[in-house]
Amino acid sequence: MMGTIYILWLRQLKRHWRSKPRMIGSLGQPVLFLLAFGFGFGPIFEKAGGGNYIQFLAPGIIAMSIMTTAMFSGTEVIWDRKFGFLKETLVAPVSRTSIMIGRTLGGATVATLQGIVIFIFSYLIGFRPASYSLLPVAVFMMFLIALMFTALGTGIASMLEDMQAFPLIMNFLIMPIFFLSGALFPLSNVPAAISKIATFNPLSYGVDGLRFALASAAHFGILLDFSVMVLVSVVFLAVGSYLFSRIEI
């Protein structure tokens, strides 16, 4: 089982590495958000007593970048299914759960690397971690975000056969999850309805965990962030594995 997972993980990494234009293109939106929101709303945020907006914003944009890349990795399931590559994998004498886990770990690793790239860009435009000793914690939180949303994207893709439907569904999910996660604004003084939605939004805990590790600020607390992220990741992996195991070839 471990050998199968490793091979599929390595295959996913090679696959993404060969698709350099897609990797470069996926950096456009988070970079634009950092520059437009960071410098556009920065003076307003500072006048309102919120401090440096880049310091607040960067963890949220890093989380958004990871989530988007992770969820869209599910496209490969539909692509492989359409052109017969998935059939070759599924008929191998290995469990579908191993295949699902290997693909998910590969996609999560790529999404984590993209988050690190956005972190480096944030550093170049003025963001500074509050404590460099917590950078390993930040990378671990990035990986949990990536793992959770890669499993979700793969699970959804396992139920679809239409290439055009998948990106529409992903965009329908990604934007509300992102905007209602506290990535762009503090959750401390928001209306009760938004606060309640954010409480049930798994990305909220990923953003909060990153903000703790990178900016020494947390709304929920790092222990709760970590617990929720691990629990939801396990649930999404289990559900995604079940849906993947039901793919008909």
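For Ser181, only one of the following conditions fails: (1) at pLDDT below 90; (2) not in a helix (DSSP H, G or I). What is its number?
Status for Ser181: all satisfied but (1).
Please determine, by comparing only the residues of the range 142-187 that are over 25 Å from Leu35 (Cβ atoms) and free of Cβ contacts under 8 Å to residues at least 12 places away in the same chain, which one is surrounded by the most Cβ atoms within 10 Å (Cβ to Cβ).
For the range 142-187, the residue satisfying everything is Ala165.
Output the qualifying pairs, or none if there are none: Cβ atoms under 6 angstrom, residues six or more apart or on different chains, first residue in the range 103-132 and touching a residue at least 60 places away in the same chain (Cβ under 8 Å) and farther than 14 Å from Thr69 by Cβ, second residue surrounded by fewer than 19 Cβ atoms within 10 Å (Cβ to Cβ) and hydroxyl-bearing (Ser, Thr, Tyr).
Once the first residue is touching a residue at least 60 places away in the same chain (Cβ under 8 Å) and farther than 14 Å from Thr69 by Cβ and sits in the range 103-132, its partners that are surrounded by fewer than 19 Cβ atoms within 10 Å (Cβ to Cβ) and hydroxyl-bearing (Ser, Thr, Tyr) give Ala130/Ser216.
All but one of (1) modelled with pLDDT of 90 or more; (2) assigned to a loop (DSSP other than H, G, I, E, B); (3) polar (S, T, N, Q) hold for Ser233; state the number of the condition that does not hold.
Condition (2) is where Ser233 drops out.
Do we have any residue at all in the range 193-209 that's in a loop (DSSP other than H, G, I, E, B) and over 17 Å from the mean Cα position of the chain (by Cα)?
So far as the range 193-209 goes, no, none of its residues is in a loop (DSSP other than H, G, I, E, B) and over 17 Å from the mean Cα position of the chain (by Cα).
Could you check how many residues of the range 22-76 are of a type in the set (A, V, I, L, M) and buried (at least 16 other Cβ atoms within 10 Å of the Cβ)? Walk me through it before giving the result.
First, pick out the residues of the range 22-76 that are of a type in the set (A, V, I, L, M): 23-24, 27, 31-32, 34-36, 44, 48, 54, 57-58, 61-64, 66-67, 70-71.
Imposing the further condition that a residue be buried (at least 16 other Cβ atoms within 10 Å of the Cβ) reduces the set to 23, 31, 34, 54, 57-58, 61-64, 66-67, 70-71.
Of the residues in that region, 14 qualify.
Yes/no per residue for (1) closer than 16 Å to Val228 by Cβ; (2) among the hydroxyl-bearing types (Ser, Thr, Tyr):
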position: Tyr132; (1), (2): no, yes
position: Ala138; (1), (2): no, no
position: Met142; (1), (2): yes, no
position: Ser158; (1), (2): no, yes
position: Gln164; (1), (2): no, no
position: Leu173; (1), (2): no, no
position: Phe178; (1), (2): no, no
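The values are calculated or read from the model by the stated rules, or taken from the named source; none is laboratory data. No experiment lies behind these values; they were computed from the predicted model shown. FYI the Cβ positions are ideal-geometry reconstructions off the backbone, even for glycines, and counts take in every protein chain you see.
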